[in-house]
Amino acid sequence: MQPDQMSTPPSGEGPERLASSARGWHSIQLAVLGFIGICGVLRTGSDSNGPQWVRWLSAGLALFAFALACLAIYQVGRVAYPFYGAPAPTSPGSDGLASSTRQLRTGVRMTYVAVGCLALAAISGWWPGADGAAGGGSAGALVQVSGATGESACGTLLEGGPGTLRLDTAQGTVSVRLVSVLTIEPVSSC
């Protein structure tokens, strides 16, 4: 075999291999689009942590990733499944094959950018909460504590020792023994 014959695929093989590769990427892109749809990046405001601008940036990046993934699917789909009347890449040396190759590469690059934008959008879910832990926590929650003898206190939970519950109330810090607690209910205000 001559060296120049090895670099040129047989007639018709180049377009078929390109379309086959595009079909494989098309399947991957549809999976990426499905992941964008079900990943839960766009949550309600109560589920999100961090400042408002982080939430808006996250939503914008997720929408951009969705739009970019749709455009990438269109680009690769045109190579994988050419439209009727579209110039078919009939021979390996034709401009149609070079154009289809550029279109496939552009679509694949857009897929990578869409996944990157989605990853950046998902990072906002790990913004530290008010207590310093990612995602917040129960410390600092407002609760109404009722005792077995009828007394009650409302305040913010604090760390307590073994067998005690500590609350930061408007009157000061209150320690309650857990054996005398009848109910603990979360409240939005005291």
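Brief remarks follow.
- Count of the stretch 85-134 residues which are aromatic (F, W, Y), assigned to a helix (DSSP H, G or I) and at pLDDT below 85: 1
- Residue within the stretch 32-49 that is at pLDDT 80 or above and hydrophobic (A, V, I, L, M, F, W, C) present: no
The values are calculated or read from the model by the stated rules, or taken from the named source; none is laboratory data. Here the structure is a predicted model, which is why all the values come from computation and not from measurement.
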